[in-house]
Every structure is written in C-alpha cells, then in structure tokens.
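Below is one structure, written out as structure tokens, with a few remarks after it.
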Amino acid sequence: MKIKQETNTKMLEVIRVAVETITNCDVVIRTRQKEYVQARSIFYKFARDNKQTLKAIGNFLQRDHATVMHSLKNFEHEFKYDPDFRARYNSVKDIVGNLDVKECEDATDTSSFWDI
C-alpha cells in the first residue's frame, strides 16, 4: 500500500514568493512568454527537489502534472545553455537553499528570508 504524501503548501508558497521576487514574474499567470515559462520551471525544480509530487506541484499552480513533468524534462537544457536562466536559478537557490521552511510561520511574510 502506498503512503500518501502530504503536500507542504507553506513550503511551496515560500518557493513561489522567492521565484516571483527574483524573476518578477507571477508563476500562476497562464502565458507562454519565455520569462514566465522559465520562472515556472525554476519553481517546479525547487518544489520537486523538496520531495513534492508532480500532482501536488501542478495543483498548486493550477497546472496538470504532465505540464510539470515536461518542464522538468526541459530544465537541464535551459540551465546548460541559457546563462540568464542559470543566474536566476542560482539567485533563487541562494534564498531557498538557506531557508528553513519549518520555521516560517507565515509563508507570505518574506521578511524572515531576506535577512539571510
């Protein structure tokens, strides 16, 4: 029997705020503009690295799990060949990598992770 994994919406919200702050793109907006697609890709990567399911990530951004999977599949190519994308990813990594999500009481209160 498969154990159901609980979605950590607080963590996903913190990642969303960090990605939106660095990229200046609302990751929930439905558009195919490159900067928005790349911002969502960064969000997906961090969410997946934090053990969230494809379905949970997709539901959080009102997308299908296959959309998340497709974006993650293209992530490595973008990271390898687009220096701007790589720089934005590393900027988000600097914020989210040092963040202890369990200590964040309110994910929308970003003051706690700008002190890093």
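Legend: translational diffusion of the stretch 21-66 by Stokes-Einstein, Rh = Kirkwood radius over C-alpha pairs, 25 °C, 0.890 mPa s; D = 228 µm²/s. What percent does the relative contact order of the stretch 6-77 come to when contacts are Cα pairs within less than 8 Å and at least six residues apart? In percent, rounded to a whole number, it is 28. Cross-link pairs exceeding 21 Å between alpha carbons, from the set LYS45/LYS73; LYS10/LYS34; LYS55/LYS93; LYS55/LYS80; LYS34/LYS73: LYS10/LYS34; LYS55/LYS93; LYS55/LYS80. Placing +1 on the Cβ of each Lys and Arg and -1 on the Cβ of each Asp and Glu in the stretch 1-86, which of PHE79, CYS25, THR67 has its Cα farthest towards the positive end of the resulting dipole? The residue sitting farthest along the positive end of the dipole is THR67. Using every pair of distinct Cα positions in the stretch 13-99, the Kirkwood expression returns a hydrodynamic radius of 12.7 angstrom.
Only the coordinates and a few stated rules stand behind these numbers; no lab work does. As the structure is a prediction and not an experimental result, all values here were calculated from the model. Quick reminder, even Gly has a Cβ in these numbers, built from the backbone with ideal geometry, and neighbours come from all protein chains shown.
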